[in-house]
Amino acid sequence: MTHLPDLPDLPNIDPARLDLPAAGALTPPTTLTHAPRILLLYGSLRERSFSRLLVEEAARILQHFGAEVRIFDPAGLPLAGSVPETHPKVVQLRDLCIWSEGQVWCSPERHGAMTAVFKNQIDWIPLEQGSVRPSQGKTLALMQVCGGSQSFNVVNNLRLLGRWMRMFTIPNQSSVPMAYKEFGDDDRMRPSSYYERVVDVMEELVKITLLMRGSSDYLTDRYSERSERAQRAIDRQIAQL
């Protein structure tokens, strides 16, 4: 076994910019008492969209758990990059993303991947918007609906996308096969193991959101970004000379 010194030599690190993780820093400076704010996105424009029906079912469960929920309607959202960012639907989506503390993403599977309707929504959400990062540090739960046998292509793809958006994706997920069989004429999901999994996913999302929401700034504070900020400050000082 390789022996490491008690105090490692780290010549490439600036100690002034290195934060030593501490459990006490995870305690929020103030107690958050408002309901967890959850944004739900779905990926179909069909009149009877099963991804929308599943999102609506999830929203009811989240409300039962005490969350405040908002569902974004993708109808009328232009193709990303085709209109200015001041378009009302774009502004609405970005404002909801900033408002949220956690999100639920649900898409049908089309040709083995998420739909263009769903991906277009994420493409409109920037990693940075001025000094704000709309999605960074937020919790995320993933679901998909299938027209045939059960598949996990979409949730796997969404998990990759959530990482790219710098979100904390919970381990649990839901995939509903033959979704047309799982909803009644009243558009409510029938009792089944698939419904129970949706309950599991929403329960886990609320718990993780409550655990993390007051500490997300600390959890996403990185050494490399502190170094970049320090270097920019030095560059500004030099420019003023």
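The values are calculated or read from the model by the stated rules, or taken from the named source; none is laboratory data. Quantities reported herein were computed from a predicted structural model and do not represent experimental measurements. Cβ coordinates were reconstructed from backbone atoms using ideal geometry, including for glycine residues, and neighbour counts include every protein chain displayed.
So, in region 42-74, how many residues would count as being in a loop (DSSP other than H, G, I, E, B), out of contact with any Leu (no Cβ under 9 Å at 6 or more places or on another chain) and among the hydrophobic types (A, V, I, L, M, F, W, C)?
1
Among the residues of region 46-69, how many are surrounded by fewer than 18 Cβ atoms within 10 Å (Cβ to Cβ) and free of Cβ contacts under 8 Å to residues at least 40 places away in the same chain?
6
From the list LEU158, LEU77, pick out the single residue that is buried (at least 19 other Cβ atoms within 10 Å of the Cβ) and in a loop (DSSP other than H, G, I, E, B).
Values: LEU158 fails: in a loop (DSSP other than H, G, I, E, B).
Just one listed residue meets the conditions, LEU77.
Can you confirm whether CYS97 is outside any loop (DSSP other than H, G, I, E, B), surrounded by 15 or more Cβ atoms within 10 Å (Cβ to Cβ) and touching a Phe, Trp or Tyr at 6+ places or on another chain (Cβ under 6 Å)?
Here the answer is no, as CYS97 does not meet what is asked.
Cβ-Cβ below 6 Å, separation at least six or inter-chain, first residue in region 105-122 and within 8 Å of VAL154 (Cβ to Cβ) and crowded, with 17+ Cβ neighbours inside 10 Å, second of a type in the set (Val, Ile, Thr) and modelled with pLDDT of 95 or more: which pairs?
Matching pairs, first to second residue: SER107/THR115; SER107/VAL154; PRO108/THR115; PRO108/VAL145; GLU109/VAL154; MET114/VAL154.
I need every pair where a residue in region 205-223 that is in contact (Cβ under 8 Å) with a residue 12 or more places away in the chain and under 11 Å from ALA25 (Cα atoms) has its Cβ under 7 Å from the Cβ of a residue that is of a type in the set (A, V, I, L, M) and assigned to a helix (DSSP H, G or I), sequence separation at least 6 or different chains.
Correct list of pairs: SER215/LEU26; TYR218/ALA25; TYR218/LEU26; LEU219/MET212.
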